[in-house]
1. Name the long-range amide H neighbours of Thr289: under 5 Å, sequence gap of 5 or more, or other chain; modelled H, no Pro or chain starts.
2. Which far-off residues, 5 or more places away or on another chain, put their amide H under 5 Å from the one on Cys162, with H placed in the peptide plane?
3. How about Lys270: which lysines have a C-alpha closer than 27 Å to its C-alpha, ignoring those fewer than 8 places off in the same chain?
4. Kindly identify segment 216-274 as rounded, prolate or oblate by the Cα gyration tensor criterion: order the square roots of the eigenvalues as a ≥ b ≥ c, call it rounded if a/c is under 1.5, otherwise compare a/b with b/c, prolate if a/b is larger, else oblate.
5. Straight-line reach from Lys13: which lysines have a Cα under 19 Å away, not including same-chain ones fewer than 8 places off?
6. Which lysines, on any chain, are close to Lys99 with Cα under 22 Å apart, when same-chain ones fewer than 8 places away are left out?
7. Binning at 5 angstrom from zero up to the longest distance, how are the C-alpha pair distances of segment 197-329 distributed in percent?
8. Would you mind listing how long segment 59-102 runs along its three principal axes, going by Cα atoms, in whole Å with the largest first?
Amino acid sequence: MVPYLTESRSKQKILSRQLFVLDDMMQLLERLESTDQLFNEPCPPNPGNEAHSRWKVLKSEYKEGVQDVEALISTLQDRMDKLHHKRDRLTNLVTALEKKKDLSLQMGESLQTAYNALRVCEGQLTQLRAETDATLDRSADWQHLRDALQGYVEETQGVMQCRLLSVGSSELCVELRPRSCGSSSSVQLEPLRLTVTWSPDDHFHLQVYQGTAGLLEESMKGCLSHLSAALLEVMQCYTSQGEMLAEIQALHSRFAIDWRPGQRLLVFLKTASSVCNLGVEEGYPSRGTATLISVRRDGELVDNAVLQPPQKTPSLTEWLEFLSSSPYV
């Protein structure tokens, strides 16, 4: 391919020189007035030089023109690129403007809706303020009534020996506080806690909690109209065993004991390996006695014959004091 191009270039140069010579010859013939003048005119020293010079000038002008055109094209291309960029930006701005216009319309509609809702809310707020003022007036009246009722409740609780711990929509917690029991007014029973729940069909469920009071846990059910009688029955059951329970409650603070009312059994844990079981008869202490049932030491039974307090009919307190000091236990 390269030799072909080189040969073509040489042929083009030869052809151009021949054209230059032909051009000079044509110019010469144009200047001649007769054929004789052709033979008398001297031969040009370098035929084609003038045409070749003009061709070089034209070629140089052409190159300069091409360079100018290329520079103009480059400048025009830059301007066109800038125009395209500006057109794209303008298109994006127009699109964004249209979106903002749509958003503005939507916000205007939303603002109008919110304004209408605000006017409705203002009307409702005015109505609610009036209702609130009326409610506050009624609340003040109810507050005075509540204070008065609270005073009545406190007075009633003092008379009825009970205290209201909590109250709910369908449940209340009451603490029974019996007065002094037995021959000594200093003997006090611990409060007995119980819970009362009621159902929509006017029935109640009363649950007694043993805690440290020593009373057997039990529950009672019935019509709501019989609730007062049920509370009175629980109070009577508690106070009927008042002396025994008061003694057991006092022993809790001195000895490690466990009272089991269902078995009427008092378990005394002297040490980790010494356990004493005492039975309490019905009617104790006035009509019943406390007896030692068994003593286990290191897992072995101890003979009860060697364990007898000096008292003829010892009480629970005397039994525990004796057992705690006995070397056999």
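Read-outs throughout are calculated quantities, based only on the coordinates presented, and are distinct from any laboratory measurement. Please read these numbers as outputs of a predicted model, since none were measured by experiment. Backbone-built Cβ (ideal geometry, glycine too); neighbour counts: all protein chains shown.
1. Long-range HN contacts for Thr289: Glu281.
2. Hits under the 5 Å cutoff: Arg177.
3. Lys312
4. Working: a/c = 4.13, a/b = 2.52, b/c = 1.64.
It comes out prolate by the Cα gyration axes.
5. Lys56, Lys59, Lys63
6. Lys86
7. Calculated over all Cα pairs of segment 197-329, the distribution is 2, 9, 18, 18, 15, 11, 8, 6, 5, 4, 2, 1, 0 percent.
8. Result, largest extent first: 62, 7, 5 Å.
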